[in-house]
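Structure first, then comments.
A short reminder: the numbers here are calculations on the coordinates, not readings from a lab. Keep in mind that this is a model prediction, so the values were computed, not measured. Cβ coordinates were reconstructed from backbone atoms using ideal geometry, including for glycine residues, and neighbour counts include every protein chain displayed.
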Amino acid sequence: MAMLDDRKTAILRAVVEEYVSTAQPVGSSHIANSAGVYVSSATVRNDMSFLEQEGYLAQPHTSAGRIPTDKGYRFFVDHLTPSGTLELAAQDRIGQFFDTAHGRLEETLQRTSTLLAEMTNYAAVVMGPKAEVAVVRSVQLVGLSAHMAMVVVVLSNGVVESEPIELSASITDDQTSAATHALSRIMIGKALGASLPLMTSGDVIVDALAAQVVRAMNGRRVDESVFVGGASAMAQAFDAVEIVRSVLHTLEQQYVVVSLVRDMLNRGLSVAIGTEHGVEPLATCSLVLSPVIVDGATLGTVGVLGPTRMNYPQALATVEIVGERLGRRLTEG
């Protein structure tokens, strides 16, 4: 990544901040007059062209101005975001909310997602521990055809989960029942989505099949409770109706949201911008997360999902304080 000198950095920062606040492409004459940039508009124009060539800015075809790219936002977040501090009124609001948040865990998580959405005007994602995690009571693998099987899992709370499995090789009935046997050994009594040991039955096909089942079921299960608040606020953030529709539809799919959040946490990301998180329908969105830590263990996550044109310093500061306060609340509770 080309390191940017101070002047280009100041110009990039000014473009990001201006575009975030106005949603209008930013022209060089405007930047030349902005705070912290003391150079002629010709110099700004040259620097903005350089930033565009390097992929930090883009020029929408109908406009003379430029807008930040995902790469531009990433540079802003990594190098320029001051550790945002929330104004006192916002801090007080969060403090009062948690001081008076008594009630069931689910209710507190749900209301936390509403609070975050109201404070940021983005969609909020709050994941917390489930009050009671259902465990696997039985697992059965049924061959449907030469290349298709069905796994059926019954949970301790009576819920039945089933998932079709596409087989890469045709398998015998003996192998199917061996796999069922192996899966029963590792899955029964555990929550779906719990990390499980790899199979070592000695039969490569059985092991591969068992591993495939575990993967399929991991994608299925949501063992945290997930609350998405303020999805409608997101609708106002985008011009294009199709984008709004696909974003809202994706947010309704809990397991997509959960696996997205888990994947970010596993990669150690607190901010995923645009295509970085790899969920295609959310390519125009960014997600900002903060962990909820209870007794030293991460028991949940709070985050906001908004357009890539988001106020990152404010979003980061808000989720950090809310996550910290929620963790304290759960520790006491």
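Per-structure values
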quantity: Between helix 204-220 and the chain: long-axis angle, C-alpha atoms, 0 to 90°, nearest 10; calculated: 50
quantity: Debye intensity ratio in log₁₀ form over the Cα atoms of the chain, taken at each q of 0.08, 0.11, 0.14 Å⁻¹; calculated: -0.50, -0.82, -1.08
quantity: From phi via Karplus (6.51, -1.76, 1.60), per-residue ³J(HN,Hα) for the range 111-118 in Hz, x at Gly/Pro; calculated: 5, 5, 5, 5, 4, 4, 5, 5
quantity: Length gained when the stretch L80-Q254 is fully extended (0.36 nm per residue, less Cα-Cα span); calculated: 59.4 nm
quantity: Exposed-loop-free span, longest in the chain, where GluC sites (Glu not before Pro) count as exposed if DSSP calls them loop and at most 16 other C-beta atoms lie within 10 Å; calculated: 133-333
quantity: Amide H partners (placed H, <5 Å) of V294, local residues excluded; calculated: L299
quantity: Spin-label pair R262/Q236, simplified geometry with 7 Å Cα→Cβ offset, distance in nm; calculated: 3.4
quantity: Helix 41-53 axis, angle to the chain major axis (alpha carbon atoms, nearest 10°); calculated: 20
quantity: Fewest-first ranking of Y56, Y38, Y73, using other Cβ atoms within 10 Å as the exposure measure; calculated: Y38, Y73, Y56
quantity: Amide H partners (placed H, <5 Å) of A123, local residues excluded; calculated: M234, L305
quantity: Around E118: net Lys/Arg minus Asp/Glu count, Cβ-Cβ under 14 Å; calculated: +2
quantity: Dipole magnitude (debye, nearest 20) for the chain, charges at Cβ of Lys, Arg, Asp, Glu; calculated: 200
quantity: Ranking of Y19, Y122, Y255 by count of other Cβ atoms within 10 Å, fewest first; calculated: Y255, Y19, Y122
quantity: Distance between modelled label sites at Q59 and T22, nm, 7 Å Cα→Cβ extension; calculated: 1.8
quantity: Estimated vicinal HN-Hα couplings, Hz - the range 310-321 in sequence order (Karplus 6.51, -1.76, 1.60; Gly, Pro = x); calculated: 10, 7, 4, x, 5, 4, 4, 5, 5, 5, 5, 5
quantity: Cα long-axis angle, helix 6-22 against the chain (0 to 90 degrees, to the nearest 10); calculated: 70
quantity: Charge context of E280, other residues only, Cβ under 15 angstrom, K/R +1, D/E -1; calculated: -3
quantity: Nearest-0.05 FRET efficiency for A208 and V135, computed from C-beta distance (R0 30 Å); calculated: 0.75
quantity: Most positive-pole-ward Cα, L88, V244, A216, against dipole of the chain from beta carbon charges; calculated: L88
quantity: Residue-by-residue Karplus 3J(HN,Hα) for the range 142-155, coefficients 6.51, -1.76, 1.60, Hz, glycine and proline x; calculated: 10, x, 9, 7, 4, 10, 9, 9, 10, 9, 10, 10, 9, 9
quantity: Within the chain, helix-based [θ] at 222 nm, where runs of 4 or more DSSP H residues each add -39,500 (n - 2.57), nearest 500; calculated: -14500 deg cm²/dmol
quantity: Amide proton proximity set for S286, modelled H, under 5 Å, gap of 5+; calculated: G274, G306, T308
quantity: Cβ-derived FRET efficiency at R0 22 Å, I188 paired with M148, nearest 0.05; calculated: 0.35
